[in-house]
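Have a look at the structure below before the remarks.
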Amino acid sequence: LLPPLRVAVTGAAGQIGYQLVTRIASGEMLGKNQPIHLSCIETPQGMKALRGVVMELEDCAFPLLKSVSATDQVDKGFADADFAILVGAKPRGPGMERRDLLASNAQIFAEQGRALNKVASREVRVLVVGNPANTNALVAAANAPDIWAEQITAMSRLDQNRAITQLALKMHCDVAEVERVIIWGNHSTTQYPDLSHALVRGEWIRPRIDEDWYRNEFIPRIQKRGAEVIEARGASSAASAANGAIDHMRDLWLGAGNKWLSMSVPSDGSYGIDACLWYSVPCLCPGAHFRRILELPVDEFSASMMERTRKELIEERDAVRHLLPR
Ligand code: NAX
């Protein structure tokens, strides 16, 4: 067994958190030879439910789980964290405008960025799941000047997994036979699920894809899949969101060979995306970090889709500018 690593999860008593913590503790995220100290963070109001989650974790008797703690203090919860998964966020309340939601969540992520900066491991890997995830990641990073921005990523893996499955269903193949599906941009309805480079059974399939299906069914379906799940379930995606977070962190940390994985990472200016926007791009994960896949050809349709989601991220950034100290 390896020396234990410390994993912090915010919103651990919420729907996604509840699914996530058991999977982390069972070793699905960091591997079956990696012992873990788990730190669960909630709001003061969430602490009672969190105590129940902690009891359940204890009742699982996971061999890899060396300790589990519960707190509503971020400075305690993030202390020496090697991984921090930021799930806790405010849901949109009645009559709340998108701008209000952005501002109140940005406040939370500014505070969490400052706490990570102060107490987390200097090597911490942060994944932002709570919405608006991309802009929350930007705010957290801006408030954590001593942590390299590239250690902070936001989740687009759920969108990628959704896109892979929809393509597999259309092509009557196995999900494992689908490669190189890309999610560009924001985790929102402006995201661009791109099949320009997709392979099915190793073969480039863009020329075989029905244009009407692609533009009028596939793309909107992925963009609005969250709403489709809410409509059916009466609650937002939770198991699949937790699964996306596990996939993202596992591949980032343990490596994923030559798989193309979409991650929202700080832009380096490539693809005409303004530097320091957390914009989803295709990446390779050789282990412990990511590398952007650069210089892919971008056709006219893709360029217009990528521009639309870039503009939305700029608008979001402008709405939280007061929380960006650098
Ligand atoms: P829930 O409302 O079930 O759970 C959120 C939990 O976070 C609650 O228990 C709450 O008490 C806690 N919380 C709130 N503020 C906190 C803070 N400052 N510190 C610590 N804990 C805090 O929501 P859930 O369905 O779990 O969704 C969580 C977040 O994930 C939401 O923002 C949601 O929009 C977002 N999602 C992101 C996805 C993605 O792909 N990036 C997909 C799924 C999901 O919609």
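The values are calculated or read from the model by the stated rules, or taken from the named source; none is laboratory data. Please read these numbers as outputs of a predicted model, since none were measured by experiment. In this analysis, Cβ positions are derived from the backbone assuming ideal geometry, glycine residues included, and neighbour counts consider all displayed protein chains.
Let me confirm something: among 120, 79, 25, 70, which residue is more than 12 Å from the ligand (Cβ to nearest atom), in contact (Cβ under 8 Å) with a residue 40 or more places away in the chain, over 27 Å from residue 135 (Cβ atoms) and crowded, with 16+ Cβ neighbours inside 10 Å? If you could, list the steps in order and put the result at the bottom.
Working: 120 fails: over 27 Å from residue 135 (Cβ atoms); 79 fails: over 27 Å from residue 135 (Cβ atoms); 70 fails: more than 12 Å from the ligand (Cβ to nearest atom).
Going through 120, 79, 25, 70 in turn, just one is more than 12 Å from the ligand (Cβ to nearest atom), in contact (Cβ under 8 Å) with a residue 40 or more places away in the chain, over 27 Å from residue 135 (Cβ atoms) and crowded, with 16+ Cβ neighbours inside 10 Å: 25.
What pairs can you find where one residue is in segment 240-265 and assigned by TED's automatic domain parsing to the domain that holds residue 16 and closer than 23 Å to residue 123 by Cβ, the other is in a strand (DSSP E or B) and more than 11 Å from the ligand (Cβ to nearest atom), and their Cβ atoms are less than 8 Å apart, with a gap of 6+ or different chains?
Close Cβ pairs (under 8 Å, with a partner that is in a strand (DSSP E or B) and more than 11 Å from the ligand (Cβ to nearest atom)) do not exist here.
Looking at segment 311-318, is at least one residue surrounded by fewer than 21 Cβ atoms within 10 Å (Cβ to Cβ), more than 16 Å from residue 126 (Cα to Cα), touching a Pro at 6+ places or on another chain (Cβ under 6 Å) and aliphatic (A, V, I, L, M)?
No, there is no match, as no residue in segment 311-318 is surrounded by fewer than 21 Cβ atoms within 10 Å (Cβ to Cβ), more than 16 Å from residue 126 (Cα to Cα), touching a Pro at 6+ places or on another chain (Cβ under 6 Å) and aliphatic (A, V, I, L, M).
Test each condition in (1) in contact with a Ser or Thr (Cβ under 8 Å, 6 or more places away or on another chain); (2) farther than 18 Å from residue 240 by Cβ; (3) within 14 Å of the ligand (Cβ to nearest atom); (4) of a type in the set (A, V, I, L, M) for residue 133 and report the one that comes out false.
The single condition residue 133 does not satisfy is (2).
Return a yes/no flag: does segment 165-177 have any residue that is touching a residue at least 12 places away in the same chain (Cβ under 8 Å), touching a helix residue (DSSP H, G or I) at 6+ places or on another chain (Cβ under 9 Å) and within 13 Å of the ligand (Cβ to nearest atom).
Within segment 165-177, none of the residues are touching a residue at least 12 places away in the same chain (Cβ under 8 Å), touching a helix residue (DSSP H, G or I) at 6+ places or on another chain (Cβ under 9 Å) and within 13 Å of the ligand (Cβ to nearest atom).
For segment 82-105, what are the residues that are under 29 Å from residue 247 (Cα atoms) and among the charged types (D, E, K, R)?
If the condition is that a residue be under 29 Å from residue 247 (Cα atoms) and among the charged types (D, E, K, R), then 82, 90, 92, 98 are the ones that fit.
Does segment 44-66 contain at least one residue that is under 24 Å from residue 256 (Cβ atoms), within 22 Å of the chain's Cα centre (by Cα) and more than 15 Å from the ligand (Cβ to nearest atom)?
No.
For residue 165, state whether it is assigned by TED's automatic domain parsing to the domain that holds residue 294, surrounded by fewer than 17 Cβ atoms within 10 Å (Cβ to Cβ) and under 21 Å from residue 128 (Cα atoms).
Working: assigned by TED's automatic domain parsing to the domain that holds residue 294: yes; surrounded by fewer than 17 Cβ atoms within 10 Å (Cβ to Cβ): yes; under 21 Å from residue 128 (Cα atoms): no.
Answer is no for this residue.
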